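What follows is a single structure, written as structure tokens, with notes after it.
Derivation of every value follows stated rules applied to the coordinates shown; laboratory data play no part. This one's a predicted model, so the numbers in the text were calculated from it and none came from an experiment. Positions of Cβ are backbone-derived with ideal geometry, glycine not excepted, and every protein chain shown enters the neighbour counts.
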Amino acid sequence: MNDSALPGRTLRLVFAGTPEFSVPCFEACRASGAEVVATYTQPDRRAGRGRKLTPSPVKQAALAAGVAVEQPESLKSADVQQVLAGYRPDLLVVVAYGLILPRKVLAIPRLGCWNVHASLLPRWRGAAPIQRALLAGDAESGVDLMRMEAGLDTGPVLLQRRTPIRRDDTGGALHERLSILGAELLAEGLRRTLAGETLSATPQAGDGVTYAHKLAKAEAKLDFRRAAIELERQVRAFDPWPVAEAEIGNEMLRIRAAHAVARDHHAEPGQVLTANREGIEIACGQGALRVTAVQRAGGRQISAVDYLNARPELRRPR
């Protein structure tokens, strides 16, 4: 398939995305010189304490920009596909949309469908690549611009950018950085395509395929029998959601910040080793986890020092 625009013709583009991660890419499409003729996003969902129907971040951005919005529950029906075809898109750009694109949908745009994916494919195909990379202790992550196929994130890669994963990166921090990188990568792809260039498509390697399964809230509970470094990664990966949690001093807490420390001990996993101004150190299967910020049930995030002020019985010198 030719990925270049026709000379002298405006590129008609449909954008499909849902969460905040997708918004910079939506704005990159609008700024590219292409004509964004419609935006597809998931139906409004109930959110917040009032459980009010809330439009997605992409829908809010599209309405503010005066771009038509479509919110089908699925793309499988012929009627929905006919509506999409009616926009006569040259290109469909998909960024964290959340719905499966059937083969018939993939065949509608003249230039096919592009996807911005937050990993270095073929590693971490699937729903939660950012968090899975942090959990695995990967040294780097990145974004791929790929041409979509029927398989899950199996298409050839058109462009790629890499970024190191820092020791203090959380899921939220890496999410934000990759969102910006993805928009920059997409902007480059659109610029080159609008200039008449055919982007080179590189098939993904057959080796190194891993899948980033969707996060489950049950994964958030810390198991102190594991190595401290693994629990540190869990705390970082699950910030801001679903947030790691653990029992400390017979109270279940959300663990908002923690880091592994090398410490030899013979204590049972989960036992508080020290609790002072540096934090609360908890024995792990290997090393110790120093908790520096927590959140009590129904409360806000506080430092470990403030928590110890409320629970002085936990204080233990080194």
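Structure summary
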{"quantity": "Peptide ranges 52-62, 116-126, 73-83 listed from the most packed, as the mean C-beta count within 10 angstrom indicates", "calculated": "116-126, 52-62, 73-83"}
{"quantity": "Using a Förster distance of 45 Å, the FRET efficiency for Ala262-Gln160 (Cβ separation, nearest 0.05)", "calculated": "0.80"}
{"quantity": "Separation in nanometres of the label points that stand 7 Å from Cα toward Cβ, at Lys76 and Ala150", "calculated": "1.5 nm"}
{"quantity": "Residue-averaged 222 nm ellipticity for the chain, from DSSP H runs of 4+ at -39500 (n - 2.57), nearest 500", "calculated": "-7500 deg cm²/dmol"}
{"quantity": "Cross-link reach list, aspartates and glutamates versus Lys52, counting only Cα pairs under 14 Å and skipping chain neighbours closer than eight places", "calculated": "Asp44"}
{"quantity": "In sequence order, calculated HN-Hα J values of region 200-215 (Karplus, 6.51, -1.76, 1.60; Hz; x Gly/Pro)", "calculated": "6, 9, 9, x, 5, 5, x, 9, x, 6, 9, 10, 9, 5, 4, 6"}
